[in-house]
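Read-outs: derived from the displayed coordinates by stated rules, not from any lab. Owing to the predicted nature of the structure, the values given are computational and were not obtained by experimental measurement. Note that we place each Cβ from the backbone using ideal geometry, even for glycine, and neighbour counts take in every protein chain shown.
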Amino acid sequence: MRSHYCGKLNETLIDQDVTLCGWVHRRRDHGGVIFLDMRDRDGIAQIVVDPDTVDAFATADKVRSEYVLRIKGRIRMRPEGTQNPNMPTGMIEVLAKDVEVLNTAQTPPFQLDDHNKVGEEVRLKYRYIDLRRPDMIEKLRLRSRITHSVRAQLEALGFLDIETPILTRATPEGARDYLVPSRTYAGNFFALPQSPQLFKQLLMVAGVDRYYQIAKCFRDEDLRADRQPEFTQIDLEASFVDEQDIMGMTETMISGLYKEVLGVDFGKFPTMPYSEAIQRFGSDKPDLRIPLELVDVDDLMSSVDFKVFSGPAKDDKGRVAALRVPGGASLSRKEIDAYTKFVGIYGAKGLAWIKVNERAKGIEGLQSPIVKFMEDVVDEVLDRCGAVDGDIVFFGADKSNIVAEAIGALRVKLGEDLNLYTCEWAPLWVIDFPMFEADANGRLSALHHPFTAPSCSPEELKANPETALSRAYDMVINGTELGGGSIRIHDQAMQRTVFEVLGIGEEEAEEKFGFLLDALKFGAPPHGGLAFGLDRLVMLMTGAKTIREVIAFPKTQSAGCMMTDAPGEVSGEQLKELNIRLRQKAKVEEEGQA
């Protein structure tokens, strides 16, 4: 039906006849001449309809925004003074000979101009209209380029694209499963995969050697800006590799992708142990664009007559950390109160601070409600932080994990609010993660997943599980965990030891993971892998605020679809086939019979 896309027209096509199909982006009537901005997925072209073409003019006079048209015409240069160098097709226009309405359209619920601000609920309800906007189409186009580049790079390295099952069994991977009832196995359920983890390990046992997949994954968990109940992973696994092999291949892949798509040269990624990341930045995914660091002052605060500081300083599980903000003395009390409220989200009971107005004046040159409690050590504290006139120093004092989370989050917020970024992109690898983390009752759980290999022997792991490190690695860019992976356990004895440490008995292990334990008996090779969040990657590369911006049909924060009104009810007949009875409905029926 068409000969060209609107956005592909340029000066090389002058005097050529073209046929275009698309939507009316805008209609303008200028003194008897009608101008139509015609839009398709590749861009916008200006169409001129002259009264001399009687039929075409009569049709153009009736069209409105979002009508679907086919237009035949000839390309010509725009008259001098009307050209738009900021628009790809801004030097030319199409003089229409024929205008055909392929379909009419109601007035859309919002304008499709880039500058037009529309509430997200409306955009998600009418997503098929929202996706017509040029900036949304461009995000989807970039996503397609990214997946194409990733496939090409991985296949060049010998990776095979292999699909793994969507209907599988529930396995503990850190989040709730989406369950699917089985009609043929009454009372039993499939689970949608949180990741292809076990299947890709089995592919390594099978001798596939190198596997990848652009995989759909599902997690029934609380949502944030960078999470969705269904999401897409760039998943890969390889045999006969160590950490450096996987990290090297994937670093090359991501660096090549950024170079190809954005023209960004990352250089060599720095590497940082988990313990250092937590100590310096309060996060296992630090944003290295922000030049602020947490500084420990426990030793200085243990003797002060201020229990808010001295208590955590003397506690083995406590921490007192300072965060110096250059130029922060200009912050108002209202702004400081807002930051105090912010750290409360992360469990902090308050936010102490010292404004350094003029250090040469001693205590008199400092402004703070707490300085009177720490006169003997304040100079040492400020020296350790490197504080100078005009700075503010914030303090966190609590359990170590609360201080890290609260002051780490404050660091990121200050970096954004005060625009403290020192560069545009900051990638790194975080390594040497703990194998396990303990809950409030001391029960251990796998920090990543229970198939991650420890960097010690089974005997050492059993003797000191709390201090054991894993062979895991995360790629972080600009404070976002882009991908995580590990070398896997390929030895049955080690896998059973990990299950034992986690309190998974032999019977439970056989029930849930018997197929994996059986596979490890038959010559499993050393192997490892990594999974990138494709949605997060596209979000980073496009500068989008949430991953919903880069998914064609995303869910809301409450995991629903406003466009299709999913999830929805199903008929009683369907439930009966699945041997399911809804408790709430049953309760209503019982009350009605009473």
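Some observations on this one:
- Net length gained if the chain between Arg581 and Ile363 were fully extended (0.36 nm per residue, minus Cα distance): 71.4 nm
- Multiplying the residue separation of Leu142 and Ala440 by 0.36 nm and subtracting their alpha-carbon distance yields 102.9 nm.
- With Cα atoms, 0 to 90° folded angle of helix 333-344 axis to the chain main axis: 80
- Charged side chains reduced to their Cβ positions (Lys and Arg at +1, Asp and Glu at -1) give the chain a dipole of some 1680 debye around its Cα centre.
- Between the stretch 392-408 and the stretch 522-550, the Cα center-to-center distance that results, in Å: 30
- Couplings 3J(HN,Hα) for the stretch 391-408, derived from phi with the Karplus relation 6.51 cos²θ - 1.76 cosθ + 1.60 (θ = phi - 60°), are 8, 10, 10, 9, 10, x, 9, 5, 4, 3, 5, 5, 4, 4, 5, 5, 6, x Hz, where x marks Gly and Pro.
- Overall form of the stretch 354-447 per C-alpha gyration tensor (a/c, 1.5; a/b vs b/c): oblate
- Comparing Gly22, Gln46, Ala58 along the charge dipole axis of the stretch 6-103, the residue lying farthest to the positive side is Gly22, per the Cβ-charge model.
- Ratio Rg/Rh [Cα only; Rh per Kirkwood] for the stretch 322-375: 0.99
- Segment Ser332..Asp389, full-extension length gain: 18.9 nm, with 0.36 nm per residue of separation and the alpha-carbon distance subtracted.
- Cut-off under 5 Å, modelled amide H: who pairs with Asp42 long-range: Cys6, Gly7
- Using the average count of surrounding beta-carbon atoms within 10 Å as a protection proxy, the listed peptides 91-103, 508-520 rank, highest first, as 91-103, 508-520.
- For the stretch 403-490, alpha-carbon Rg over 2.2 N^0.38 Å: 1.35
- Across the stretch 290-422, counting alpha-carbon atoms alone, Rg and Dmax equal 13.6, 38 Å.
- Summarising the label geometry, the points placed 7 Å from Cα in the beta-carbon direction at Asp265 and Val101 lie 5.6 nm from one another.
- Unit charges on C-beta of K, R, D, E only; dipole of the stretch 136-232, Debye: 200
- Taking 19 Å as the straight-line reach from the Cα of Lys268, the lysines in range (excluding those fewer than 8 positions away in the same chain) are Lys259, Lys285.
- Candidate lysines - alpha carbon under 22 Å from Lys72, same-chain residues fewer than 8 apart omitted: Lys8, Lys62, Lys97
- Computed FRET value (nearest 0.05) for Asp52 with Gln111, which takes r as the C-beta separation and R₀ as 25 Å: 0.20
- Evaluated over the Cα positions of the chain, the convex hull gives a direction-averaged projected area, one quarter of its surface, of 38.8 nm².
- Met77-Glu380 pseudo-label distance in nm [points 7 Å out on the Cα-to-Cβ vector]: 7.9
- Among Ile363, Gly263, Thr480 the positive-end extreme of the charge dipole of the chain (Cβ point charges): Gly263
- Cα-based radius of gyration for the stretch 6-103, normalised by 2.2 N^0.38 Å, reads 0.96.
- Lys372-Ser65 pseudo-label distance in nm [points 7 Å out on the Cα-to-Cβ vector]: 6.2
- Sequence-ordered 3J(HN,Hα) estimates for the stretch 563-578 from the Karplus curve with 6.51, -1.76 and 1.60 and θ = phi - 60° stand at 6, 9, 6, 9, x, x, 6, 10, 6, x, 5, 5, 5, 5, 4, 8 Hz, glycine and proline given as x.
- Comparing Pro193, Met494, Phe231 along the charge dipole axis of the chain, the residue lying farthest to the positive side is Phe231, per the Cβ-charge model.
- Using Cβ point charges alone (K and R +1, D and E -1), the dipole size of the stretch 6-103 about the Cα centre works out to roughly 280 debye.
- Calculated from backbone phi, Karplus (6.51, -1.76, 1.60) coupling profile of the stretch 236-247 in Hz, x at Gly/Pro: 8, 8, 9, 9, 6, 9, 10, 4, 5, 5, 5, 4
- The listed peptides 130-140, 279-289, ordered by packing as a protection proxy, come out as 279-289, 130-140 (highest mean of other Cβ atoms within 10 Å first).
- Spatially close Lys pairs in the stretch 290-422, defined by Cα atoms under 19 Å apart and a spacing of eight or more places or different chains, total 20.
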